[in-house]
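Chemist: Below is the structure I would like to discuss, written out as structure tokens.
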Amino acid sequence: QVQLVESGGGLVQPGGSLRPSCAASRIIFRIYTMGWYRQAPGKQRELVATITSSGSTNYADPVKGRFTISRDNAKNTVYLQMSSLEPEDTAVYYCNSDLRGYVSWGQGTQVTVSS
């Protein structure tokens with residue numbers, strides 16, 4: 001069973017930065033598409049960014065130019081560098097692994113952007 005463990009969330013002021021990470025185990029990490037999603041209170045979970053096994057990336061429009069997804073296959077870890085954070089980015093951020101429709105989720109890490 002795939003295991004995904006997020007860390008690195010927290011409280012940050014508007015304009016600040018955070019870099020959550022997601023460590024994966026029990027999978028051949030390098031062949032999976034990895035992603036970050038988020039869910040704000042009262043809203044549906046939404047895509048933030050994905051990165052394929054070959055390193056191709058995709059971003060949701062609200063985070064383009066501010067967030068960067070990356071992966072380290074040697075460490076079985078995917079990162080989300082978040083910059084220029086806004087209060088609207090406040091949410092629980094979830095890591096996701098996807099291999100041809102076989103999807104797993106982490107437990108999430110809270111990101112709060114507030115002054």
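The values are calculated or read from the model by the stated rules, or taken from the named source; none is laboratory data. Since the structure is predicted, the reported quantities are computational estimates derived from the model, not experimental observations. Quick reminder, even Gly has a Cβ in these numbers, built from the backbone with ideal geometry, and neighbours come from all protein chains shown. Areas reflect the complete protein model, heavy atoms only, side chains present, ligands, DNA and RNA absent. Shrake-Rupley method; radii C 1.70, N 1.55, O 1.52, S 1.80 Å.
Chemist: Does residue 111 qualify as being touching a strand residue (DSSP E or B) at 6+ places or on another chain (Cβ under 8 Å) and either part of a loop (DSSP other than H, G, I, E, B) or closer than 24 Å to residue 1 by Cα (or both)?
Modeler: Criteria not met by residue 111.
Chemist: Considering only the stretch 14-54, state which residues are outside any strand (DSSP E or B) and among the basic types (Lys, Arg). I'd like the intermediate steps shown before the answer.
Modeler: Of the residues in the stretch 14-54, the ones outside any strand (DSSP E or B) are 14-17, 19-20, 26-32, 40-45, 52-54.
19, 26, 30, 43, 45, listed by residue number.
Chemist: Quick one: how many residues across the stretch 83-106 are touching a Gly at 6+ places or on another chain (Cβ under 7 Å), among the hydroxyl-bearing types (Ser, Thr, Tyr) and not in a loop (DSSP other than H, G, I, E, B)? Talk me through it step by step, then tell me what you get.
Modeler: Taking the stretch 83-106 first, the residues touching a Gly at 6+ places or on another chain (Cβ under 7 Å) are 84-85, 92-96, 98.
Applying the additional criterion that residues be among the hydroxyl-bearing types (Ser, Thr, Tyr) yields 84, 93-94.
If we keep only those that are not in a loop (DSSP other than H, G, I, E, B) as well, we get 93-94.
Going through the stretch 83-106 one residue at a time, the tally reaches 2.
Chemist: Looking at the stretch 58-77, can you tell me whether even one residue there is open to solvent by 30 Å² or more (accessible area, probe 1.4 Å), within 19 Å of residue 12 (Cβ to Cβ), over 11 Å from the mean Cα position of the chain (by Cα) and touching a residue at least 40 places away in the same chain (Cβ under 8 Å)?
Modeler: no
Chemist: Given the residues 4, 11, which is the only one that is surrounded by 13 or more Cβ atoms within 10 Å (Cβ to Cβ), assigned to a strand (DSSP E or B) and not hydroxyl-bearing (Ser, Thr, Tyr)? Before you say what the answer is, go through the steps one by one.
Modeler: Details: 11 fails: surrounded by 13 or more Cβ atoms within 10 Å (Cβ to Cβ).
Every option except 4 fails the conditions.
Chemist: Does the stretch 47-56 contain any residue that is loosely packed, with under 13 Cβ neighbours inside 10 Å and either under 15 Å from residue 22 (Cα atoms) or touching a strand residue (DSSP E or B) at 6+ places or on another chain (Cβ under 9 Å) (or both)? Break it down stepwise before answering.
Modeler: Initially, the stretch 47-56 is screened for residues loosely packed, with under 13 Cβ neighbours inside 10 Å, giving 54-56.
Now drop any that are not either under 15 Å from residue 22 (Cα atoms) or touching a strand residue (DSSP E or B) at 6+ places or on another chain (Cβ under 9 Å) (or both), which leaves 55-56.
Looking for residues that are loosely packed, with under 13 Cβ neighbours inside 10 Å and either under 15 Å from residue 22 (Cα atoms) or touching a strand residue (DSSP E or B) at 6+ places or on another chain (Cβ under 9 Å) (or both), one finds at least one in the stretch 47-56, hence yes.
Chemist: Among the residues that make up the stretch 87-95, is at least one of them open to solvent by 40 Å² or more (accessible area, probe 1.4 Å) and either within 16 Å of residue 33 (Cβ to Cβ) or without any contact (Cβ under 8 Å) to a residue 12 or more places away in the chain (or both)?
Modeler: no
Chemist: On to the next question. Right, residue 99: of a type in the set (A, V, I, L, M) and modelled with pLDDT under 95 or not?
Modeler: Values: of a type in the set (A, V, I, L, M): yes; modelled with pLDDT under 95: yes.
Yes: the conditions hold for residue 99.
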